[in-house]
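Take a look at the structure below.
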Ligand SMILES: Nc1ncnc2c1ncn2[C@@H]1O[C@H](COP(=O)(O)OP(=O)(O)OP(=O)(O)O)[C@@H](O)[C@H]1O
Ligand SMILES: Nc1ncnc2c1ncn2[C@@H]1O[C@H](COP(=O)(O)OP(=O)(O)OP(=O)(O)O)[C@@H](O)[C@H]1O
Ligand SMILES: [Mg+2]
Ligand SMILES: [Mg+2]
C-alpha cells in the first residue's frame, strides 16, 4: 500500500532519519515504536508530505509518489493525526473537523447543516461528548485531541498516520478510538500508530517497527514480541522495574484546600497534602482535574474556597504568587503554557529560576549554562546541545525540558499535570525515580495523570473526580483500576 | 471617561440657534500644522471676531483634498452664508468650489486658486514666489553659478508652482545651473540631512540654495553653517516665518520671500462679508509677494 | 463565536449610538438627511479600504501600502479618462488592474519570497508612491471626462461611492462567511500550520487576500479620482492607518484569525462619525486630534471590557 | 539561536557592504571621513528610536506613536531652553520625561486596559501630535540657548548625537543580553502565557518596555530639537515607520520573541546608507522612492533566503 524506501531526513546537517525502509500493508495496524527523538514523528511527517525527504522516496500502490505538500498526500489518501495539537482556536469544532473538506452546495456556499452533521457523526463515532458548534478555544487539551482525531478520520483516507493520538486521552476515549480503528481495519484502511503507552501497542498493533536514533531496528509481527523484548529493542537495554516503591509520607500538612469552587468546572474540593506525599487526581476527560490544579498554581484562581500553605491562609492570584509560596507546576498544555518556542533549551529550562541564577539584576551566564547542562543530563533531554531552539526537539524531549524547568526552582509543592505525556518508557522510569527522590527529600506532589497504572503505582492517595465533584478518596495501596474507574464514570 | 465625554457633549447647549441677521462663515483651512497656514488662519479667526454679527467656524483639512471636499459638503448641510476656502490643491479641491456654487453659497478662495474660479480670490501667485526668489539668487550670483533647489512635498500645488517660477528664471539665465534638486517634504530635519549630503557630493559646485519654504531653508542654513561654508552660499526661502526673519536680521539667512498671511486673512473675511451681504466685491485681490533682505527687514518685523 | 462577536459589535455600536445622540443634541445638522448623506459619502473610501485590509489582517498579515496604491491607481485611472479618450470602462479597469498588480506583488513577495508583510508593504508604500509621481510627472492628472467624475455623484438619490462601499461590503461578508476560501482565511490566520496540515494551500489563499486588498485599493483610487476630479500622485497619505484602525476597532485581531466584516463596518462608522462630529462642533483641529485619539482608544477599551465580562 | 542570528546579521551585512562598495566606486565622496560622519549624524535619531522600539517589538507589541512623541518631546524641551532660562539639564529632563509619560501611558493602556498596542499607540500618535500643536500654538518653538543646540555638535571630534546613539545601543545590548529583565522580554514575546505560567510578571515587563521606548523617543526629540534648533510640533512624521523598518530588517520578528540589537543597528545602517547614497548619486526624488523600497525588500529577501539555506 504505502512504502518508505531508503527515506532520509536531515535538519541542518543533523541526520534524523537514516535511510529507513518500511512497508505498510492494507488493513494492518502498524505501530512505530521508539524512544523520544527516535524519529517517529519525522518519518510520519515525511509520509504525510509535511517534510520533503532528503534521500529515498515514497511508494504508493507500487508507484513512486512525490508529495510537495500535505495537500498532495491528502489527495492521494494519506491523512495524519499530529502529535502536536493544532487547533484553530477561533473556529468552531465543526469547522476544525471539516477543515479543507467542507461540504459545499452547488453554488459554492458552505453547507453548514451538513458540516455540523458530519462533525457530530465523527464525534459520535469516537464517543466524545463535544458540541460541534462550540469554539475550539473553549476545549480542554483532551477534547482538542479528540477533535484532531476526528479531523483525520473525516478525510476517509486509505492510510491514517496516528502520532501519539492518545497522549492526552484517558481510558474511556482510548477504548472508543480502538473500536474505530477496528472498523477501519475491517475496511482495509492502513493505520500507522505511535504511542508511548505500552499496553496499547499490544492491544491494537498487528506489526511493530522499532526505531532507534533514526534507524530502523526491527519490524516484527506483534505476537512475536513481548513487552520486555520490545522495550529492550527500543531502549537498547533491559528495563527491570519501572515503578519505584512508595515511601511513607510525614504527617506535616504543607497545603490545605477547603471548598474550592469554580462553576461549572468543580465545586467543594477539599484536601490536605502532606510532606513527602503524592496525592493524585483521577477522573475522565473534562472531570475538572486540570482546572483544580490550575487554581492552586494561580493560573485560573477559584471563585470560592480557601487555600492554606503550612497552616497560613494564602491568596494565589498568579503563578508568581504560587512560585513565591514554593509551588511549582508542569502544565498539561505544553505548547500553550509551557514552551517558549524560539528560545533555546537552556533558556527554557532556566526561565523560572533566573532570580537564583543571577547576581543582582545581571544574569550569571556560566552558571546558567552549567545548570542547564546538568538538568538536561538529569532528565536525559535529547538535543544537539543546550543552545538548540526548543521547538526543534521531539515532543517527549520538550516535555522533559519543562519538567526540568519546574524542578530547577526546587519547589516544596510540585504540581504535575500529565507529566509523562509523550515520554518514552525508559525516560518514564527515570522520572518516576526522580519523583520518588523528591518525596524522600520531603517535597509534596500533586499528580494528575490519565494513565491509571501510573497513578495507582505512584500515589499514596487518589482523589477521584466526577464532573467536578469529589466522588471518592482512595488509598492507592489497596485500590485497583476498576475501583477508580467506577468512581470516575458518570452515574 | 467616554460616558463623561458624551455627557459633556449633550450638556452643551444646542449650538446657538441662528440669530436673525447673523452672518455664518465656514472656513476650511489647508493645514493648521503648517506654520504659514496657521498664521493665515489665525488672522482669519481673529479678524472675524472683531466684526459684530459674524460667526465663523474653522475646520482643518490636514492637506487632504478629499477631506476638504467633505468639509465643504458639511458646510453646505449646515447652511452657512458664505465659505472661505484655503484650498489644499489647485485641481483636487476644485469639486469643493463647484459644490458650493451649485448650492448657491458664495465662496472665497484664499492663498491658492482652484480650477473653477471662486466668487473672490485673495492671495498671491505661488509662481511669483519662485520667480522672485530665483531672481534674487540670479542677481546675487550675477547670472552665473550653481544652484541647489529643495522641493516641498512633490506634486503639491505650492511645490509645483514654486518650481515653475524658479524654472522661468533658469530659462532666462543660461549661466545659472541647477546642480541638483530633491524633495525634503517641507521638513527642516530632512532638508538638513539633504544639504549635508549635497555638501559631500557637490562641494564647491554650488553658490546658492533655494528652498521652497523657510523651514527647509533653515535646515539648509544649519547644515551649511555646521560645515563652515555658509559664507560662500546664498540661501533663500519663502514665507518669511518668524525664525527666518530673525535669521535674516542676524545676517545668517540671506533672504526670504514675504507672503502677507495677515493681509490675506483679513482680505478674505472682508470679501466674504461683502458677498454674504450681496454687495459688490472685487473678483481678485492680489497681495504680491515681496523679497525680504536685511535692507528692508524693518518693514516686516512687527 | 457568534455570541462573542455580537457582544463586540454591541460595545462599539453603543459607543457609536451614544456619540450620535450627543451630536444630535449639540448640533442642529448632525441628524439632517444631507449631513448623513455627507457622512456616507465621506466614509466610502475608508470603508472600501477597510474591507480590503480586513482580509489581509485576518491572515495575520498587514498592508501599509494602501494609501500609495490609492494614489497610483488614481493616477492610472485619470490618465485614461480624458474626455473623449475612451469609454468609462477603460479608466476604471486601469485603476483596478493597477491596484491588483500592486496587491499581487505584495502577495508574491510575502508568500514566495517569505519576507515579512510589514517590510513588503512598507516597500510597496514607497515604490507605489514613486511610481505615481513618475507616471504623472509629479503633476496631478486632470482634465477627466465628466462620465468618470460623475461616478462621485448620486444614483437614485444615493451617492455612488456609498453604493460601491455597500456592494463591496456585502460581497465580502458573503465571501468570508459562506465560502470555503473565506473560512480558509480565518484558518490560516488562526493557525497557519494547522491550515497547511489540513491540505490548504496557504500561499494561494494569502496571495488571494493581498490581491483582493489591492483591487479594493484600486477601486478606492478610482472613487477618489472621481471625487477630486484628478489623479493626485500625493493623495491618500496615511489612509492605511485609518483603514487598519477601523478594522481593529471593529474587533479584528492583528494576530489574525478573528474578526468580521460587520465589525469593520462599525469601525468605519465610528471614525467617520467622529470626523464629521468634531468638524460640526467646530472643535479646533489641535484639540480634534487629542479628542479623536482618546475616543478611539476609549471605545476599544470599553468594547473589550464589555466583551470580557 | 546564536548561529541563526549570526547568519541573519551576515545577510544584511553583506548587502550593506555591497552597497557601500558600489557607492564608493560610483562616488568619490562616499567613503570620505566627512561623509561618514554625516551618515553617522543622520542615522542617530532613527537609531535611537529603533533601539527603543526593538524592546516593544520583542514583546510582540508595536509603537506607532514614536514620531509624534518625538515632536512633543522636542517642543517640551525647546520650551524650557530659551537662553538664560535654565540650565541645560532642565530642558533635557523635560524632553525625556515627556517621552516617558507618553510611553508609560501606552504601557498602562496595553497592560491594564488590555487594548491592542496598535490601537493604543495609534491613539497616542494622534494625541501627542495634538498636544504638541496645542503646547506650541502650532508654531515652532525657537530661540533655543546655544548650550542646548550645541548638543548637536561634536565632542572630541565625534558628533554628540552619534555618541548618544552609541551609548543607548551599548546599554540596550547589555540589557537584553545580560539582564534578567532582558530575558523576560524575549520570553514574553515568545509565548506570553507560558511566560506568565513561569512566574514572570508580564504586565510590569511590558510596562517597562513601553516606557523605555518612550524615554528614547524623548531623547530623540531632544536631539532633533538641538539639531534643528527648534521644537517643531510637526516634526517626526512617519519616523516610527523608518524605525520599525530598521528593526524588522535587522531580523526582529513582529510576532515577538526573536531579534537582537545588533540586527537593529544593521537595519539602521542600511537605511541610512541608502538615504545618503541616493542623495550622493543625485537620483531624482521620484526614483529615490522606488529604489529605496526595492532595496529594502530585496535586502530582507536575500537575508531570509540565506538564513534558511
Ligand atoms: N525542525 C527540526 N530541526 C532540527 N531538528 C529537529 C527538527 N525536528 C525534529 N528534530 C530532531 O529530530 C529528532 C527526531 O524527532 P521526532 O520528533 O521525529 O522524534 P519522535 O520519535 O517523534 O520523538 P517523541 O517520542 O518524543 O515524539 C529529534 O532529535 C529532534 O530534535
Ligand atoms: N458544564 C460545563 N460547561 C462547559 N464546560 C464544561 C462543563 N463541564 C465540564 N466542562 C469542560 O471540562 C473542562 C474542565 O476540565 P479540565 O480541563 O480540568 O479536565 P481534566 O479533568 O483535566 O481533563 P482533561 O485535561 O483530560 O481534558 C472545562 O475546561 C470544560 O471545557
Ligand atoms: Mg513524536
Ligand atoms: Mg487535564
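For this structure, a couple of remarks:
- In segment A:277-298, the residues that are without any contact (Cβ under 8 Å) to a residue 40 or more places away in the chain form Cβ pairs under 7 Å with partners that are more than 10 Å from ligand 2 (Cβ to nearest atom) and assigned to a loop (DSSP other than H, G, I, E, B), at six or more places apart or across chains, as follows: A:295/A:301; A:295/A:302; A:298/A:316; A:298/A:317; A:298/A:318.
- Taking the criterion of being surrounded by 19 or more Cβ atoms within 10 Å (Cβ to Cβ) and either more than 23 Å from residue C:213 (Cα to Cα) or within 7 Å of another protein chain (Cβ to nearest Cβ) (or both), the only residue of segment C:146-165 that qualifies is C:149.
- From the options A:357, A:339, A:325, A:362, residue that is within 14 Å of another protein chain (Cβ to nearest Cβ), away from ligand 1 (no atom under 16 Å from the Cβ) and under 29 Å from residue A:36 (Cβ atoms): A:357
- In segment A:58-75, residue nearest to ligand 1 (Cβ to nearest atom) [restricted to those that are under 24 Å from residue A:205 (Cα atoms) and within 14 Å of another protein chain (Cβ to nearest Cβ)]: A:73
Condition check ((1) surrounded by fewer than 19 Cβ atoms within 10 Å (Cβ to Cβ); (2) over 21 Å from the mean Cα position of the chain (by Cα); (3) at positive phi; (4) at pLDDT below 90) across all residues:
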site	(1), (2), (3), (4)
B:155	no, no, yes, yes
B:168	yes, no, no, no
B:179	yes, yes, no, no
B:194	no, yes, no, no
B:199	no, yes, no, no
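- None of A:166, A:219, A:195 is in contact (Cβ under 8 Å) with a residue 24 or more places away in the chain and away from ligand 3 (no atom under 16 Å from the Cβ) except A:219.
- Of the residues making up segment A:455-476, just one is free of Cβ contacts under 8 Å to residues at least 40 places away in the same chain and within 23 Å of the chain's Cα centre (by Cα), namely A:456.
- Within segment A:413-438, if we keep just the residues that are touching a strand residue (DSSP E or B) at 6+ places or on another chain (Cβ under 6 Å) and within 19 Å of residue A:248 (Cβ to Cβ), the residue that is surrounded by the most Cβ atoms within 10 Å (Cβ to Cβ) turns out to be A:414.
- Any hit, segment A:78-86, residues being within 7 Å of chain C (Cβ to nearest Cβ), under 26 Å from residue C:178 (Cβ atoms) and in contact with a helix residue (DSSP H, G or I) (Cβ under 9 Å, 6 or more places away or on another chain): yes
- Hits in segment B:21-58 - residues which are over 20 Å from residue B:157 (Cα atoms) and either in contact with a helix residue (DSSP H, G or I) (Cβ under 7 Å, 6 or more places away or on another chain) or at the interface with chain C (Cβ under 8 Å from one of its Cβ atoms) (or both): B:23, B:25, B:26, B:43, B:44, B:47, B:48, B:51, B:54, B:56, B:57, B:58
- Within segment A:1-57, the set of residues being within 11 Å of ligand 1 (Cβ to nearest atom), part of a loop (DSSP other than H, G, I, E, B) and within 14 Å of chain C (Cβ to nearest Cβ) comprises A:50, A:51.
- Residue, nearest to ligand 4 (Cβ to nearest atom), within segment A:113-153, restricted to residues that are in a helix (DSSP H, G or I) and surrounded by fewer than 17 Cβ atoms within 10 Å (Cβ to Cβ): A:138
- Yes/no for residue A:185 being more than 16 Å from ligand 4 (Cβ to nearest atom) and either surrounded by 24 or more Cβ atoms within 10 Å (Cβ to Cβ) or at pLDDT 95 or above (or both): no
- Set C:218, C:251, C:257: member being surrounded by fewer than 24 Cβ atoms within 10 Å (Cβ to Cβ) and under 27 Å from residue C:177 (Cα atoms): C:257
- Pick from segment A:458-477, criterion more than 16 Å from ligand 4 (Cβ to nearest atom) and at pLDDT below 90, ranking: farthest from the other protein chains (Cβ to nearest Cβ): A:477
- Flag if residue A:377 is surrounded by fewer than 18 Cβ atoms within 10 Å (Cβ to Cβ), within 26 Å of residue A:83 (Cα to Cα), free of Cβ contacts under 8 Å to residues at least 12 places away in the same chain and away from ligand 1 (no atom under 13 Å from the Cβ): yes
- When we screen A:167, A:176 for residues that are within 16 Å of ligand 4 (Cβ to nearest atom) and more than 14 Å from chain C (Cβ to nearest Cβ), the only hit is A:167.
- Residue selected from segment A:139-161 under the condition at pLDDT 90 or above and away from every other protein chain (no Cβ under 14 Å), by the criterion farthest from ligand 3 (Cβ to nearest atom): A:158
- Selection status of residue A:284, within 16 Å of ligand 1 (Cβ to nearest atom) and either surrounded by 15 or more Cβ atoms within 10 Å (Cβ to Cβ) or away from chain D (no Cβ under 14 Å) (or both): no
- Only strands (runs of 3 or more DSSP E) whose full extent lies in segment B:134-213 are considered here, and the ones with at least 3 residues that are more than 12 Å from every other protein chain (Cβ to nearest Cβ) are B:145-151, B:208-211.
- Members of segment D:128-137 that are buried (at least 24 other Cβ atoms within 10 Å of the Cβ) and out of contact with any strand residue (DSSP E or B) (no Cβ under 9 Å at 6 or more places or on another chain): D:128, D:129, D:130, D:131, D:133
- Total residues in segment D:138-161, condition assigned to a helix (DSSP H, G or I) and out of contact with any strand residue (DSSP E or B) (no Cβ under 9 Å at 6 or more places or on another chain): 7
- Residues of segment C:128-137 satisfying the condition of being part of a helix (DSSP H, G or I) and either away from chain D (no Cβ under 14 Å) or without any contact (Cβ under 8 Å) to a residue 12 or more places away in the chain (or both): C:130, C:134
- Residue match in segment A:245-259 (condition: within 29 Å of residue A:489 (Cα to Cα), within 16 Å of ligand 2 (Cβ to nearest atom) and touching a residue at least 60 places away in the same chain (Cβ under 8 Å)): no
- Of the helices (runs of 4 or more DSSP H) that lie entirely inside segment A:265-369, those containing 3 or more residues that are within 16 Å of ligand 4 (Cβ to nearest atom) span A:289-296.
The values are calculated or read from the model by the stated rules, or taken from the named source; none is laboratory data. Remember, it's a predicted structure, so these values are computed and weren't measured experimentally. FYI the Cβ positions are ideal-geometry reconstructions off the backbone, even for glycines, and counts take in every protein chain you see.
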